[in-house]
1. When only Cα pairs under 8 Å and 6 or more residues apart are kept, what is the percent relative contact order across the chain?
2. Mark the label point 7 Å from the Cα of Lys26 along Cα→Cβ and return the residues of region 83-107 whose backbone N is within less than 16 Å of it.
3. log₁₀ I(q)/I(0) of region 134-183 at q = 0.16, 0.22, 0.24 Å⁻¹, via Debye over equal Cα point scatterers, no solvent, to two decimals?
4. Find, among the GluC sites (Glu not before Pro) in region 83-183, those assigned to loop by DSSP (not H, G, I, E, B) with at most 16 other beta-carbon atoms within 10 angstrom.
5. How far is the Cα center of region 60-88 from the Cα center of region 107-183, in Å?
6. How big is the Cα convex hull of the chain in projection, averaged over all directions, in nm²?
7. Give, in nm to one decimal, the length gained when the segment between Gln18 and Thr145 is fully stretched (0.36 nm per residue of separation minus the Cα-Cα distance).
8. With springs only between Cα atoms under 10 Å, which of Asp152, Asp28, Asp65 fluctuates most in a Gaussian network model of the chain?
Amino acid sequence: MRTENQMSINPVQIQGKQITIRPVRKSDKGLTLNFAATLSAESQKNQFLGGVRQLSAKDIEQICDTNFPDSMAFVATLMAEGIEREVGLARYVEDTTTGAHELAISIATEYRHSTLARTLVEYLAAYARKHRVRVLYTVDLDSNTAMRKLADDLNMSVRLDPDHTHQVIYSLNVDAHPETITL
């Protein structure tokens, strides 16, 4: 039986480029570290809820070493001059205190207005559905217009974060979301 890290994902065309979407691997640490370093200041602000920072070695380890099915990550890569380059990442992690699964998405600036984020979330939702994860949620700044558009496109529910006035919580009911990807 194949493990999740051996899953083969067919390339997709986004903005005229062939992009491969596949499960993240432990060996992707350098790739992911390079990707994180290229995120724009706005992307970092949105990703870290206003606290611009660099990812630590421990953060990279947690991203690239998933604990199936409680956590999962899909990476989007393309080949540029013979070198694999990461252009997107979507992951979920189980909150062991609540059993809920938090979603995080990072997209390279040049793909921010493409379908890449939606495609990554659809792969993640398909994986979650297959492993009986029912809801994915994300906490975002209310000023994050890219996430608001993605949430609208995916018919995610939205509510204000009761603890932080400038944050919202988006939730994706995996069972109610149309199955567009089959793994």
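1. Computed over the chain, the figure is 17 percent.
2. Under cut-off, by backbone N: nothing.
3. -0.46, -0.77, -0.88
4. Numbers: sites: Glu84, Glu86, Glu94, Glu102, Glu110, Glu122, Glu179; in loops: Glu179.
Sites meeting the loop and neighbour criteria: Glu179.
5. Using only Cα atoms to place each centre, the spacing works out to 18 Å.
6. Details: hull surface 42.2 nm².
Result: 10.5 nm².
7. 43.1 nm
8. Per the Cα network of the chain with a 10 Å cutoff, Asp152 tops the list.
Taken together, the values in this text are just the output of simple stated rules run on the coordinates, not laboratory data. From a predicted model like this one, the values you see are computed outputs, not experimental measurements. We place every Cβ from the backbone using ideal geometry, glycine too, and count neighbours over all the protein chains shown.
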